[in-house]
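A.B. asks: My structure is below; once you've seen it, I'll send some questions.
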Amino acid sequence: MEKIPVVQEPVALDPAPPRSPTSGRDGKFHVRLTEGYFQNVRRLVSWPLLALYFGLVWVQFDGQPWLLFSFEQHRIILFGHALSWRDLSLLAGLLIASAALLFFLAVAWGRVWCGFACPQSIWTWLFIRVEDLTEGRADKRARQAGAPMALPTLLRRLLKHLLWLLLALATAITFTGYFVPVREILSAAMQLELSAAVSGWILIMAGLTYLNAGLVREKICLHACPYARFQGVMFDEHTLTVSYDTRRGEPRANRRKGSDNSGDCVDCGLCVQVCPAGIDIRDGLQAACIDCAACIDACDRVMSKLERPAGLIRFASEAQLQGENSRFLRPRLAGYAAVMLLAFTAVLYGFTQTTQLLVEIRRDRGAMFRQVDQHTVCNVYQIKVEGYSETQRFVDVSITGEGEFSLFGPRKIDLAEDNAYWLPYRICARDLKLPKAELTFHFRGNTLSTSKNTTFLTGTF
């Protein structure tokens, strides 16, 4: 089929500026926003994630946050269910399962997580949109970069940084709200009673958000993110990743002048201008590429205007670019899928075996035992009970052992008032002839019960 030659008159390419209009005189490149199928998909992924991030921190269930990692209460409230810090291993398992999912995605579709769902990318696009809204399109920002600062330009730039700081502050407060109830944070802040620790954490998080998404952006993905560093070893010849079809696109033709033997690429440079990492995808697979597919949408629009087939830049494997068949199912991908499924299954099972009543007993180290009289000896203990069930309010305490034991201390623990507090108990025994005896504490409630063994010392040798 004969290719359609490029017309002599310039074609409107949304519109087409000079070769590299997004590189400012200050050396900074300015990302040009584009529209298209993959950018719509990215929004369908990122906007719900943003809504969950900023919204979940406000959701409450029976007066308790729906999701909270509370250092003060020594518990994790996960979707309305309380977990103890002893159950942190479940979160570690969840991270392992999530890592296996990332590996599976990397082998199958490259860095789609980075381009469509990674927080760094999501916030970077937010900051870019704020920049585009306040300072104008990328070509305008590039022309103003390094030029003498006029008052309107200065005001727009100050507005941009102000909005960046407000967005970073909202991000930091929300993140802190997953560890300290967000309503308490805002109430204390309005009354100027926010603690130094919380204030410092919010300022640090806000500063890092402002720095990462506003100032350094792509350098985080290229130099700081460990996932970006090992992605190359996970790709194979069948991995689908954003790729430029050199067989179809080369040799490139100037968009004003073309020839019968030129490729489909008209060297408009839009694929470079829309890339948030500032790379040229036509140079081949690069570590900085995050597979956001912005270059695909930009190129497809150009191809549509030139009445040429889309897909000059597309998700394609190395095998497909070489004209070979590409296989989706392969041993490495199946291995990661198996690890991912096993990890998620183990984590789900673990959530059904969580600790509902946690008891700790420690002996008074000041005196191992106390001789009251010739027949009676006492041991002193500190007991802490933590309940993680909303249906359990009170716990009864009792003891059993081989001997005549008496319990002195609270016989009923109120988990609403005394939860996670150390309570003193004194156990006394009469006429024990052995140097030590086994003693069992029993903790019983309406729905929960547990026992804890300890040793009673008599001082008899």
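A.B. asks: I'd like to know if the range 269-285 contains one or more residues that are at pLDDT below 90, surrounded by 15 or more Cβ atoms within 10 Å (Cβ to Cβ), out of contact with any Lys or Arg (no Cβ under 9 Å at 6 or more places or on another chain) and over 21 Å from Asp139 (Cβ atoms).
C.D. replies: Yes, that holds for at least one residue.
A.B. asks: Next up: Determine the pairs where a residue that is closer than 14 Å to Tyr388 by Cβ and of a type outside the set (A, V, I, L, M, F, W, C), located within the range 339-356, has a partner that is at pLDDT below 90 and not in a helix (DSSP H, G or I) with Cβ atoms under 7 Å apart, the partner being 6 or more residues away or on another chain.
C.D. replies: Matching pairs, first to second residue: Thr354/Leu83; Thr355/Ser84; Thr355/Tyr388; Gln356/Tyr388; Gln356/Ser389; Gln356/Leu448.
A.B. asks: Can you pull out every residue in the range 33-62 that is aromatic (Phe, Trp, Tyr), surrounded by 12 or more Cβ atoms within 10 Å (Cβ to Cβ), in a helix (DSSP H, G or I) and under 21 Å from the mean Cα position of the chain (by Cα)?
C.D. replies: Tyr53, Phe54
A.B. asks: Starting from residues that are within 30 Å of Ser389 (Cβ to Cβ) and charged (D, E, K, R), keep the ones in the range 428-461 and report whichever is least open to solvent (accessible area, probe 1.4 Å).
C.D. replies: The selected residue is Lys452.
A.B. asks: Now for a different question. If I ask for residues that are small (Gly, Ala, Ser) and in contact with a Leu (Cβ under 8 Å, 6 or more places away or on another chain), which ones from the range 108-145 would you list?
C.D. replies: Ala108, Gly110, Ala117, Ala138
A.B. asks: Is it fair to say Asp418 is open to solvent by 30 Å² or more (accessible area, probe 1.4 Å) and modelled with pLDDT under 90?
C.D. replies: Yes: the conditions hold for Asp418.
A.B. asks: Same structure, new question: Kindly list, by first and then second residue, each pair from a residue in the range 134-150 that is within 15 Å of Lys28 (Cβ to Cβ) to a residue that is at pLDDT below 85 and acidic (Asp, Glu), limited to pairs with Cβ atoms under 8 Å and residues at least 6 apart or on different chains.
C.D. replies: Here the result reads Ala145/Asp26; Gly146/Asp26, each pair linking the range 134-150 to a residue that is at pLDDT below 85 and acidic (Asp, Glu).
A.B. asks: Give the residue that is farthest from the chain's Cα centre (by Cα), with candidates limited to residues of the range 157-182 that are touching a residue at least 40 places away in the same chain (Cβ under 8 Å) and open to solvent by 60 Å² or more (accessible area, probe 1.4 Å).
C.D. replies: Out of the qualifying residues, it is Leu165.
A.B. asks: Tell me, yes or no, whether the range 187-210 has at least one residue that is closer than 20 Å to Leu52 by Cβ, at pLDDT 95 or above and either open to solvent by 50 Å² or more (accessible area, probe 1.4 Å) or in contact with a strand residue (DSSP E or B) (Cβ under 8 Å, 6 or more places away or on another chain) (or both).
C.D. replies: There is no residue in the range 187-210 that is closer than 20 Å to Leu52 by Cβ, at pLDDT 95 or above and either open to solvent by 50 Å² or more (accessible area, probe 1.4 Å) or in contact with a strand residue (DSSP E or B) (Cβ under 8 Å, 6 or more places away or on another chain) (or both).
A.B. asks: Counting only residues that are in a helix (DSSP H, G or I) and under 27 Å from the mean Cα position of the chain (by Cα), which one in the range 298-337 is surrounded by the fewest Cβ atoms within 10 Å (Cβ to Cβ)?
C.D. replies: The residue in question is Ala334.
The values are calculated or read from the model by the stated rules, or taken from the named source; none is laboratory data. The structure displayed is predicted, hence computed values, not measured ones. Cβ sites come from the backbone with ideal geometry, for glycine too, and all protein chains shown count toward neighbours. With ligands, DNA and RNA removed, areas are computed over all heavy atoms of the protein, side chains included. Shrake-Rupley method; radii C 1.70, N 1.55, O 1.52, S 1.80 Å.
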